[in-house]
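Chemist: Please find one structure pasted underneath; my questions will follow.
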Amino acid sequence: MVAKTKAKPAAKKAQRSLHQTAVDQFHRAADLVGLPEPHRSILSHPKNEVIVNFPVQLDDGRWEVFRGFRIQHNNIIGPYKGGLRFHPDVDLDEVKALAAWMTFKCALAGIPFGGAKGGVTINPRDYSDSEMERIVRRFTHALGANIGPEHDIPAPDVGTNAMMMDWIMDTYTNLSGPGSRQTVKGVVTGKSLACGGSLGRNAATGQGVLYSLRHWCGEVGERLDSLSISVQGFGNVGAHFSRLAYKDGCTIKVVGDHTGTIRNDDGIDIEELGPWVADNGGVDGFPGARAVDAEELFSTDVDVFVPAALENQITLERARTMTCRLIVEAANGPTTPEAEELLTEQGVAIVPDILANAGGVIVSYFEWLQNKSSSYWSEEEVDRRLRTLVWDAHDAVVVTKKSLNCTRREAAYAVALERLADVYDRRGIFP
């Protein structure tokens, strides 16, 4: 067995622990609701931390060993649930934070799932399609019984897609007994329609972000089609949100992704940008807008800023340049605590990630239900149910924000924690 030699990636820039940010957010809300110490202690830590190192043979015959993670934070309400992230920066700290956020997100959304997250430290662009299939299948095999349709249910995240979920489902079913292979399709969500996926799942997170924006408009008496928006990230979430917002009359002034940042103060034509990105791999060079410095994404005068990329993007330095009225966190953990404190002092409203981007896990829940009953819902039915759950979560947050006189993020956590605490109070701790 010959180890594959690759250039080592550049060291990650030192930054605040993402997991510590998640824990701090949790404790602030726990203080507000007077969460009992036993519940506080349990929810401060993940229940299980699974780390696997697995070998894969590459196309040239050499072997490489990959490291994967699956963090299972809490399952008091239902099976662990959360995406799989394939990215060079995936590490234990990041995945622990994302798993905790999933617990609170599911509780806030009112769906019977717990929180989990996983990933592999890898850049998918460095590998062929056949190599990626072997990597995904070997990762699934390495996780083994740590996942399952009634235990822990992965889904797509950054760097993963429906095809990968199909591979996971196929691998898992073939490791199951013959009599159960048709009943375990719900081991993952976000699958292709042909393999048991749900209509509306691909656009669900972006659709949920738009519903969050609509709810805020209703709160403040603003018209959706009067808003100007900057969007960071044009992957699945950013692209779907931008398309839906553009269709509803919003002016998308600035869009940035890993290839560059583009701006058009009269509005970027998202219907043309989508095909351009599909053909060219990113927004850079799009003829319907001019290229600008990446920092203009943050400093451009708009009504709404939508971070739909990675965590810790809105730093204190960038927050000082921002002039928006609202931030809708389509990404997980995009705003550092220091930046949030400044923005809040300046009167900028923030719809937190566990509320704004819950559309994906909500429709994942719908997919899981359809798999369990061997049925398919119409896209209209999926969308109607999605809007109801998103709207109900926002209504609960608005009421709690007013009653506790706190930020929207603290209110979102408070709603989630009260629901979790209620279950713990009723079930107790056994034995």
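None of the figures in this text is laboratory data; all of them are computed from the coordinates on show. Since we're looking at a predicted model, the values are computed, not measured. Ideal geometry is used to build each Cβ from the backbone, glycine not excepted, and the neighbour counts take in all protein chains shown.
Chemist: Run the simple label-point estimate for Asn146 and Ser403 please: 7 Å along Cα→C-beta, distance reported in nm.
Modeler: Roughly 3.9 nm, to one decimal.
Chemist: For Asp422, put the label point 7 Å out on the Cα→Cβ axis and report which residues of the range 30-45 keep their amide N under 16 Å from it.
Modeler: 33-36
Chemist: Once phi is turned into θ = phi - 60°, what whole-Hz ³J(HN,Hα) does the Karplus curve with 6.51, -1.76 and 1.60 give for every residue of the range 55-69, x standing for Gly and Pro?
Modeler: Residue by residue, the range 55-69 yields x, 9, 7, 8, 4, 8, x, 7, 10, 9, 9, 10, 10, x, 10 Hz.
Chemist: Another question about this same structure. So in the range 204-356, what percent of DSSP beta bridges are antiparallel if you round to the nearest 5? Let's see the in-between values first.
Modeler: Numbers: 7 of 22 bridges.
So the antiparallel bridges in the range 204-356 amount to around 30 percent.
Chemist: Let me ask something else. Only bridges whose two residues both fall in the range 45-176 count here: according to DSSP, what percent of them are antiparallel, nearest 5?
Modeler: Beta bridges within the range 45-176, antiparallel portion: roughly 65 percent.
Chemist: Using Cα springs under 10 Å in a Gaussian network model of the chain, which residue among Glu131, Glu410, Glu296 shows the largest mean-square fluctuation?
Modeler: Per the Cα network of the chain with a 10 Å cutoff, Glu131 tops the list.
Chemist: With both bridge residues required to lie in the chain, what share of the DSSP beta bridges run antiparallel, to the nearest 5%?
Modeler: Bridges in the chain that DSSP calls antiparallel: roughly 50 percent.
Chemist: Past the 20 Å Cα-Cα mark, which pairs from Lys81/Lys401; Lys191/Lys372; Lys47/Lys401; Lys117/Lys402; Lys81/Lys185? Working shown, then result.
Modeler: Working: Lys81/Lys401 27 Å; Lys191/Lys372 14 Å; Lys47/Lys401 30 Å; Lys117/Lys402 32 Å; Lys81/Lys185 15 Å.
Flagged as over cut-off: Lys81/Lys401; Lys47/Lys401; Lys117/Lys402.
Chemist: Can you give me the long-range amide H partners of Gln346? Hydrogens built in the peptide plane at 1.01 Å from N, cutoff under 5 Å, separation of 5 or more residues or another chain.
Modeler: The list, which skips near neighbours in sequence, is empty: none.
Chemist: Sticking with this structure for a sec: For the range 98-170 and the range 261-301, what is the separation of their Cα centres, given in Å?
Modeler: Result: 30 Å between the Cα centres.
Chemist: Shape of the range 45-176 from its Cα gyration tensor (a ≥ b ≥ c, root eigenvalues): rounded if a/c is under 1.5, otherwise prolate when a/b > b/c, or oblate?
Modeler: Details: a/c = 2.06, a/b = 1.69, b/c = 1.22.
Note, shape of the range 45-176 comes out prolate.
Chemist: I've got another one for you. Let me see the P(r) profile for the range 120-242: every Cα-Cα distance counted, bins of 10 Å, each bin given as a percent of all pairs.
Modeler: That works out to 11, 35, 28, 16, 9, 1, in percent per bin.
Chemist: According to the square roots a ≥ b ≥ c of the eigenvalues of the Cα gyration tensor, what is the shape class of the range 343-431, taking rounded for a/c under 1.5, prolate for a/b larger than b/c otherwise, and oblate for the remainder?
Modeler: oblate
Chemist: Now for a separate question. Each residue of the range 347-364 in order: what ³J(HN,Hα) in whole Hz does its phi give by Karplus 6.51 cos²θ - 1.76 cosθ + 1.60, θ = phi - 60°, with x for Gly and Pro?
Modeler: x, 7, 7, 10, 8, x, 4, 5, 9, 5, 10, 6, x, x, 6, 5, 6, 4
Chemist: Any number yet on Rg/Rh for the range 382-431, C-alpha, Kirkwood?
Modeler: Ratio of gyration radius to Kirkwood radius: 1.12.
Chemist: Shifting gears a bit: Given labels modelled 7 Å from the Cα in the Cβ direction, how far is it in nm from Asp248 to Ala291?
Modeler: Label-label distance for Asp248 and Ala291, simple model: 3.3 nm.
Chemist: Can you tell me the FRET efficiency between Ile429 and Cys195 if r is taken as the Cβ-Cβ distance and R0 is 25 Å, rounded to the nearest 0.05?
Modeler: With R0 = 25 Å, the Cβ-Cβ based efficiency is 0.05.
Chemist: In addition: Val50's amide H: which non-local residues (gap 5+, or another chain) put their own amide H closer than 5 Å, with H modeled 1.01 Å from N in plane and none for Pro or chain starts?
Modeler: For Val50, whose amide H was placed from the backbone, the distant partners under 5 Å are Arg70, Ile71, Gln72.
Chemist: How high is the relative contact order of the chain, given as a whole-number percent (alpha carbon pairs under 8 Å, six or more residues apart)?
Modeler: 15
Chemist: Using a basic spin-label model with each label point 7 Å from the Cα along Cα→Cβ, how many nm lie between His258 and Asp31?
Modeler: That separation, rounded to one decimal, is 3.8 nm.
Chemist: Using only the alpha carbons of the chain, determine the length spanned along each of the three principal axes and report them from longest to shortest in whole angstroms.
Modeler: 57, 56, 46
Chemist: Which whole-number percent is the relative contact order of the range 204-356 (Cα, under 8 Å, 6+ apart)?
Modeler: Numbers: 319 pairs, mean separation 32.9, N = 153.
Contact order relative to length: 21 percent.
Chemist: What residues have an amide H closer than 5 Å to that of Phe66, excluding those fewer than 5 places away on the same chain, when H is modeled at 1.01 Å from N in the peptide plane?
Modeler: Phe54, Val56
Chemist: Taking θ as phi - 60°, what are the ³J(HN,Hα) couplings along the range 90-107 by the Karplus curve (6.51, -1.76, 1.60), each to the nearest whole Hz, with x for Gly and Pro?
Modeler: With coefficients 6.51, -1.76 and 1.60, one gets 4, 8, 4, 4, 4, 5, 4, 5, 5, 5, 4, 4, 5, 4, 6, 5, 5, 4 Hz.
Chemist: Right, here's the next one. Please state the shape class of the range 208-343: rounded when a/c is under 1.5, otherwise prolate if a/b exceeds b/c and oblate if not, all from the C-alpha gyration tensor.
Modeler: Verdict is oblate for the range 208-343.
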